[in-house]
Structures are given as structure tokens and as C-alpha cells.
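*Asks:* Can you keep this structure in mind? I'll have questions shortly.
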Amino acid sequence: MSTTSTAVAATGAPAVRRRRRGNPAPYLFMAPGLVLFVLFLLVPMVYAVYLSTRGLRLEGGGPFGRREEVFVGLDNYVAAVTNADFLAGFGRLLVYGAIAIPLTLGLALLFALLLDATTTRAKRFSRTAIFIPYAVPGVIASLLWGFLYLPTTSPFSDVTQALGLGSIPFLQGGTLFASVANIAIWGGVGFNMIIIYTSLRGVPAELYEAARLDGAGELQIALRVKVPLVAPALVLTGLFSLIGTLQVYGEPTTLRPMTTSISQTWVPLMTIYRDAFSRDDLPLASAASVLLAVGTLVLSAVLLRATQKRAFGDS
């Protein structure tokens, strides 16, 4: 390299760095997203935490007393964690999640493996058909399934009655949890399947060929090669399913007018909604919301930590 080019390179590099450092284009592109994040996520979160430490107290006494907002510390949090309705909702979530999460992930993995198999036909049509339920809004899906559950409108009840088995109580008793979970499974399998299938498509084909040369069949390749390689995708979909379970609200709320088995506090979010808008107790609802958000964050962190530790331990 000549002396002149060396000098140009030496003097030009800082100039290029200065131009890049002073370029406002990245900040302009990021500005709308940052503004929306601050206005519709960060500010409401901070306000919810502030509101959870407030309370209404009657000042002045007698018939002419007035309600004033005062600082109450952690009183609302204590009231939330001792609220029987709020805690009972988590028990129902546990039963609901035990049905919805394994079936959603299991079916998504099964469909992804079938679509990735070399002998599968009509892959594009099958992939679209499995994904389409995810595009249906949750409230619409709940209404559709609700009419399928009602004995007076359900074609399933017509079939069972014709067979002399009577009507199936989809929204009563022990079948209630399975009926509500079925709506989430029907809508969530396609989304999770796409994530797992995309992960499978990123696996080099040479690994499959090497396994076939070693005498492995398609089932062995699926169980011993494909499933371990898509473990990160399974963790991600499991995390999404866990968060979705903790945020269940639309399905039971939509089905509630159709049955007497779903109460106003069937899940935690329904209890929060009742406290906020039926009882006009926004501080208590804010405290319960903060507890739910923190619990979701902690469970997600524990899940990620456990899976990472297992991955590093296996390696």
C-alpha cells in the first residue's frame, strides 16, 4: 500500500465513523415504535404500579364525608393474595393449562413432523388448513364453538341423541375445562406448528441422509434427530403457551352467558375485570394485575433458566 493511500485510509476512517455516528436515520425509524412502546406499554405499567399503592378512604365521616385517594402501601397486594376468588382462578388455570398446553404443543409438533416428512403430499394446502384457525379472532372462535356446544344447536348432540346416548354436557361438569381448552387448542396449534416447522426446515438435509445411511427409519429420524434439534422451538412455543394460559379471558367470558358453570371470577383476569369495572375498585384490580404480570415474568424466567441449564448440562 502506498503512502498516499495509507494517509487517506487513516484520515478517512474517523470521518466515516463520524458520519455514521451523526446519521439520524436509524433513530427516526425507531421513533414510532419507541413512542408506541412508551405510550401504550411503559406508561400504563408504571401507572398500574402507582395505582396499586393507592386507596379510597372516607374523610370527614358522617353522611357528608367524601372519598379521597390516599397512599395505602401494600394493602391492595395483601388483599389480592388473600382474595379467595382470585386464588381459586389460578386453580382452574392449572387444570385448564394441564389440558391445553400439552395437547397444543403435541399436536403442533406432530403436524410439523408430518409436513416435514418426505412422503407427505399437499404440504402447502395442509399447512394453510392447519394455520387458518389461528387467523380467526378468539371471540369469534368462542362463539362458533359455543353454538357447537349448546345442546339445542349442536350437531354433536343430534348424533348422540340419534344413537340413544343423550346430549353431551360440553359446558357442564368435568367436560367444561376440556371444552374451554379445546378452543385455545384449535386456534393455537397452527401458530406453534409454523414455528416448529420453520425450525425443521432450517436443519441441514445432510443430517437426515447420514441417519438413513446408518439404517434409521423415518420414525427414528423424527424422534432421535428432528425432535432434539427443534428443542429451542419447543421451548419458545411452550413459553408462548404458558403466557397465553395465564392470560385466558376471552373464551370463558364469551361462553359465560351460555352456561351457569362459568362464574364471574372463573379465571384471574375475570376477577380483575370484575374488581375494576363492576366494583369500581381500580387499586385492587391494579395490584392483582401487577401480581399476575410479575408471576408471568417469574415463571417465564424459570422456564428459560431450566431449559438453558439442561441444554448446557447435556452438552
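The values are calculated or read from the model by the stated rules, or taken from the named source; none is laboratory data. From a predicted model like this one, the values you see are computed outputs, not experimental measurements. When we count neighbours, we look across all protein chains shown, and the Cβ atoms used for this are built from the backbone with ideal geometry, even at glycine.
*Asks:* Can you find a residue in segment 271-291 that is in contact with a helix residue (DSSP H, G or I) (Cβ under 6 Å, 6 or more places away or on another chain), surrounded by fewer than 16 Cβ atoms within 10 Å (Cβ to Cβ) and free of Cβ contacts under 8 Å to residues at least 40 places away in the same chain?
*Replies:* no
*Asks:* Which members of segment 51-85 meet the condition of being modelled with pLDDT of 90 or more and either touching a Ser or Thr at 6+ places or on another chain (Cβ under 8 Å) or in a strand (DSSP E or B) (or both)?
*Replies:* Leu51, Ser52, Arg54, Leu74, Asn76, Tyr77, Asn83, Asp85
*Asks:* Still on this structure: When you look at Ser263, is it assigned to a helix (DSSP H, G or I) and either modelled with pLDDT of 90 or more or of a type outside the set (S, T, N, Q) (or both), yes or no?
*Replies:* no
*Asks:* Can you find a residue in segment 302-309 that is buried (at least 18 other Cβ atoms within 10 Å of the Cβ), out of contact with any Phe, Trp or Tyr (no Cβ under 7 Å at 6 or more places or on another chain) and of a type in the set (Gly, Ala, Ser)?
*Replies:* No, segment 302-309 contains no residue that is buried (at least 18 other Cβ atoms within 10 Å of the Cβ), out of contact with any Phe, Trp or Tyr (no Cβ under 7 Å at 6 or more places or on another chain) and of a type in the set (Gly, Ala, Ser).
*Asks:* Go through the residues of segment 150-169 one by one and say whether even a single one is surrounded by fewer than 20 Cβ atoms within 10 Å (Cβ to Cβ), within 26 Å of the chain's Cα centre (by Cα) and charged (D, E, K, R).
*Replies:* No, segment 150-169 contains no residue that is surrounded by fewer than 20 Cβ atoms within 10 Å (Cβ to Cβ), within 26 Å of the chain's Cα centre (by Cα) and charged (D, E, K, R).
*Asks:* Given the conditions (1) touching a strand residue (DSSP E or B) at 6+ places or on another chain (Cβ under 8 Å); (2) part of a loop (DSSP other than H, G, I, E, B), which single one is not true for Pro283?
*Replies:* The single condition Pro283 does not satisfy is (2).
*Asks:* Also, quick follow-up: Quick one: which helices (runs of 4 or more DSSP H) sit completely within segment 110-163 and have at least 1 residues that are in contact (Cβ under 8 Å) with a residue 12 or more places away in the chain, farther than 30 Å from Leu200 by Cα and not basic (Lys, Arg)?
*Replies:* Output list reads 138-149, 155-162.
*Asks:* Return yes or no: is Pro268 surrounded by 21 or more Cβ atoms within 10 Å (Cβ to Cβ) and either under 22 Å from Trp145 (Cα atoms) or modelled with pLDDT of 90 or more (or both)?
*Replies:* When the stated conditions are applied, Pro268 passes them.
*Asks:* Output the qualifying pairs, or none if there are none: Cβ atoms under 8 angstrom, residues six or more apart or on different chains, first residue in segment 257-268 and in contact (Cβ under 8 Å) with a residue 24 or more places away in the chain, second residue buried (at least 20 other Cβ atoms within 10 Å of the Cβ) and in a loop (DSSP other than H, G, I, E, B).
*Replies:* Every condition considered, the pairs that remain are Met258/Leu171; Thr259/Leu171; Ser261/Leu171; Ile262/Leu171; Val267/Val248.
Residues checked against (1) modelled with pLDDT of 95 or more; (2) not in a helix (DSSP H, G or I):
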residue: Ala181; (1), (2): yes, no
residue: Ile185; (1), (2): yes, no
residue: Asn192; (1), (2): yes, no
residue: Ser199; (1), (2): no, no
residue: Leu207; (1), (2): no, no
residue: Ala210; (1), (2): no, no
residue: Ala216; (1), (2): no, yes
residue: Ala222; (1), (2): no, no
residue: Val225; (1), (2): no, no
